[in-house]
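Contents: one structure, followed by commentary.
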Amino acid sequence: MEEFIADAENYAMGIPKIVSVRQAPEEDSATLLSQGPMRHATFTLSAEAIEVLNNLSKETGVSKSKLIRQLILSVNEQNQSAAVGVGKSVVVKKVE
């Protein structure tokens with residue numbers, strides 16, 4: 001336990017020596033292992049976005065964090081494809 005506490009400074013700098021492991025459903029295990037260690041993140045979402053995310057999670061049976069990861073990777077893939085065709089990146093516009 002002391003070793004874990006001592007590693008807090010490394011964690012704050014983004015270079016932790018100790019990585020916690022969580023159990024994932026079997027279908028996600030291969031994907032999680034290929035992505036490497038995950039980090040916790042905090043996001044602020046509108047009430048509407050939270051409601052949509054909750055509904056999507058209930059309807060699909062996919063966790064909210066996985067849905068967010070899929071969205072991020074999908075947008076990134078679209079940006080990469082557009083960048084090749086146009087020669088520059090697509091900017092995700094701020095929606096208010």
> Can you tell me how many residues in segment 42-89 are open to solvent by 70 Å² or more (accessible area, probe 1.4 Å), assigned to a loop (DSSP other than H, G, I, E, B) and at pLDDT below 85?
Replying inline: 3
> Got a number for residues in segment 1-41 being open to solvent by 100 Å² or more (accessible area, probe 1.4 Å), under 17 Å from LEU67 (Cβ atoms) and either at pLDDT 70 or above or of a type in the set (S, T, N, Q) (or both)?
Replying inline: 1
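The values are calculated or read from the model by the stated rules, or taken from the named source; none is laboratory data. Given the structure is predicted, the values throughout are model-derived calculations rather than measurements. All Cβ positions, glycine included, derive from the backbone under ideal geometry; neighbour counts span all protein chains shown. Surface areas here come from the heavy atoms of the whole protein model, side chains and all, with no ligands, DNA or RNA. Shrake-Rupley method; radii C 1.70, N 1.55, O 1.52, S 1.80 Å.
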